[in-house]
Amino acid sequence: MDHTQQAMARLTSAGVGCVALTWVDNAGITRVKTVPTARLKDAVRNGVGMSPVFDVYLVDDSMTESPAVGGPDGDLRLVPDLDRLTTLAAQPGWAWAPVDRFQASRAPYPGCQRSFARRQAEAAFEEFGIELLMGFETEWVVDAGARGSGPAYGMARVVELSDYLRELTEALGAQGVAPLQVHPEYAVGQFEVSVAAAGPVAAADLAVLVRETVRGVSARHGLPASFAPMAGAGAEGLEGLGNGRHLHLSPWRDGKNLCRGGDGPFSMTAECEAFLGGVFRELPALLALGAPSPASYLRLRPSRWAGAHHCWGLENREAALRFVAGSPDDLGGANAEVKSFDGAANPYLVVGGVIAAGLAGLREGLTLPPPVSGDPTGRPGLRRLPAELPAAIEHLAESAVLREAMGEELLGAVLAVRRAEVELFASATPEELVEATRDRY
Ligand code: GLU
Ligand code: MG
């Protein structure tokens, strides 16, 4: 029996009859084709057909077009990555695997976001011998009514939704991704889960799996979950906090964390500083990947721990880039966190873009500006990141680093989707924007 047949036999004996094959589009929506377990071998060999037009789908399922993509013609093949095949605990009888997308000829497809992420991770290793560890935090809001009204970070919230949170923890554990922690967040009905760091592509895959697990367990408890940048409707909700999807990262070589043991700021190595310097420089452009929706900018405001200012600091939760030094007996725990990113982002574009930016920093030997402590709001000399999506789009369009890394076809599709969503919501009020995006991601 080959690898695929073994996987199919394992699924069948576990009573799994269906496999969900997902990828994430440029609007940040996880799209899917499903196959019966018995068809998995064929899916691996031939791929499953899907139109390329999804590269220019918007959050409301309307379509735009890019120079390379649009209209009804063409076909792509979705090829599942069975190394990630996971039996879903919250959907009995189902398994999941992420896909890479290939052209019908099986040539690489330049619009494939997961392949883009992998190419960047490979470049880091080939050029600098560096491996990245990455991890996304997942924040979401459930509409729990009176069952979820306890205070921010309050134990009362855990008691109110005790079975729900336990089942979520167990479901993730059963899938081999035991959470590092689960906690109630600031906003009403808001929670967060974080999982252990992994390689970049694996971290993006995990972001998808964790979200779908939260969604699945939430549905079983009659608690619809929102992962949108801003989930609260009405004036009160808009004053509240949004859902972030912060990215933690650390560069490693030969089992050594480059965030520690050097002569740079807070004992980071020069290479770590150069990598972070590249990420820091490209942050305005990276926002168009990591805070990709007009709704992202309802969240990305000062004094909300969302990383609205273009600064970095040690353990500074208001800075876009927060350096976490780790404890002396856990040097592996040191990392940097990009706080500005949210749950509307395609995690594969995020990890690929961040690595590309970091590699440019390494090539150019960049350094970081002085760190900032305290809330940067209103401080002279400290600038905000783009406060609206159109400004971030222009930074992305002008970023030579990201253009080179993404290539014209992928970048063109991303820019087309961003511009079309700006247009789509040009006359929407903030309340309408929240309403239109709350249940889409
Ligand atoms: N919910 C905040 C955000 O929008 C983050 C809060 C935190 O630091 O965990 O990113
Ligand atoms: Mg949080």
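Things worth noting here:
- Across the stretch 129-161, the number of residues qualifying as out of contact with any Pro (no Cβ under 9 Å at 6 or more places or on another chain) and of a type in the set (Val, Ile, Thr) comes to 3.
- Pick from the stretch 98-138, criterion of a type in the set (Phe, Trp, Tyr) and in a strand (DSSP E or B), ranking: least open to solvent (accessible area, probe 1.4 Å): PHE136
- GLY313 vs. criteria more than 29 Å from TYR186 (Cβ to Cβ) and over 20 Å from the mean Cα position of the chain (by Cα): no
- Residues (more than 10 Å from ligand 2 (Cβ to nearest atom), of a type in the set (Val, Ile, Thr) and under 17 Å from THR213 (Cβ atoms)) located in the stretch 176-197: VAL177, VAL182, VAL195
- Test: HIS309 is out of contact with any Leu (no Cβ under 7 Å at 6 or more places or on another chain) and on the phi < 0 side of the Ramachandran plot: no
- All conditions but one from (1) part of a helix (DSSP H, G or I); (2) within 15 Å of ligand 1 (Cβ to nearest atom) apply to ASN316; the one that does not is (1).
- Hits in the stretch 147-181 (condition: within 16 Å of ligand 1 (Cβ to nearest atom) and open to solvent by 50 Å² or more (accessible area, probe 1.4 Å)): PRO151, TYR153, LEU180, GLN181
Matching residues to (1) within 16 Å of ligand 2 (Cβ to nearest atom); (2) farther than 30 Å from GLN181 by Cα:
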| site | (1), (2) |
| --- | --- |
| ARG101 | no, yes |
| ALA104 | no, yes |
| PRO108 | no, yes |
| ARG114 | no, no |
| GLY135 | yes, no |
| VAL141 | yes, no |
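- The set of residues in the stretch 57-80 that are out of contact with any Asp or Glu (no Cβ under 6 Å at 6 or more places or on another chain), in contact (Cβ under 8 Å) with a residue 60 or more places away in the chain and in a strand (DSSP E or B) contains only PRO80.
- Residue ranges of helices (runs of 4 or more DSSP H) in the stretch 142-253 with at least 1 members closer than 24 Å to ALA308 by Cα and in contact (Cβ under 8 Å) with a residue 40 or more places away in the chain: 200-220, 234-239
- Pairs, first over 12 Å from MET230 (Cβ atoms) and open to solvent by less than 40 Å² (accessible area, probe 1.4 Å) in the stretch 425-440, second modelled with pLDDT of 95 or more and part of a loop (DSSP other than H, G, I, E, B), C-beta under 7 Å, six or more apart: PHE425/PRO294
- When the stretch 273-327 is filtered for residues that are of a type in the set (Asp, Glu) and either away from ligand 2 (no atom under 16 Å from the Cβ) or within 25 Å of ASN26 (Cα to Cα) (or both), the ones remaining, listed by number, are GLU273, GLU282.
- Members of the stretch 238-272 found to be within 16 Å of ligand 2 (Cβ to nearest atom) and either open to solvent by 20 Å² or more (accessible area, probe 1.4 Å) or not charged (D, E, K, R) (or both), listed by number: GLY240, LEU241, GLY242, ASN243, GLY244, HIS246, LEU247, HIS248
- Residue that is farthest from ALA104 (Cα to Cα) [pool: residues in the stretch 58-85 that are among the hydroxyl-bearing types (Ser, Thr, Tyr) and open to solvent by 30 Å² or more (accessible area, probe 1.4 Å)]: SER62
- Qualifying residue in the stretch 369-386 (condition: touching a residue at least 60 places away in the same chain (Cβ under 8 Å), assigned to a helix (DSSP H, G or I), open to solvent by 80 Å² or more (accessible area, probe 1.4 Å) and of a type outside the set (A, V, I, L, M, F, W, C)): no
- Of residues in the stretch 14-58 being within 14 Å of LEU85 (Cβ to Cβ) and among the polar types (S, T, N, Q), the one nearest to the chain's Cα centre (by Cα): THR22
- Residue count, the stretch 193-210 (criterion: open to solvent by 10 Å² or more (accessible area, probe 1.4 Å) and within 16 Å of ligand 1 (Cβ to nearest atom)): 2
- Selection status of TRP94, within 16 Å of ligand 1 (Cβ to nearest atom), crowded, with 19+ Cβ neighbours inside 10 Å and at pLDDT 95 or above: no
- Taking the criterion of being in a loop (DSSP other than H, G, I, E, B) and of a type in the set (Asp, Glu), the only residue of the stretch 387-399 that qualifies is GLU388.
Yes/no matrix, rows are residues, columns are (1) modelled with pLDDT of 95 or more; (2) within 11 Å of ligand 1 (Cβ to nearest atom); (3) of a type outside the set (Ser, Thr, Tyr); (4) open to solvent by 10 Å² or more (accessible area, probe 1.4 Å):
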{"site": "LEU276", "(1), (2), (3), (4)": "yes, no, yes, no"}
{"site": "LEU287", "(1), (2), (3), (4)": "yes, no, yes, no"}
{"site": "ARG304", "(1), (2), (3), (4)": "no, yes, yes, yes"}
{"site": "HIS310", "(1), (2), (3), (4)": "yes, no, yes, yes"}
{"site": "PRO328", "(1), (2), (3), (4)": "no, no, yes, yes"}
{"site": "VAL350", "(1), (2), (3), (4)": "yes, no, yes, no"}
{"site": "ILE355", "(1), (2), (3), (4)": "yes, no, yes, no"}
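- Residue within the stretch 200-214 that is polar (S, T, N, Q), away from ligand 2 (no atom under 16 Å from the Cβ) and in contact with a helix residue (DSSP H, G or I) (Cβ under 7 Å, 6 or more places away or on another chain) present: yes
The values are calculated or read from the model by the stated rules, or taken from the named source; none is laboratory data. Small disclaimer: the values here were computed from a predicted structure and weren't measured. Glycine also receives a Cβ, built like all others from the backbone with ideal geometry; neighbour counts cover every protein chain displayed. Accessible surface areas use protein heavy atoms only, side chains included; no ligands, DNA or RNA. Shrake-Rupley method; radii C 1.70, N 1.55, O 1.52, S 1.80 Å.
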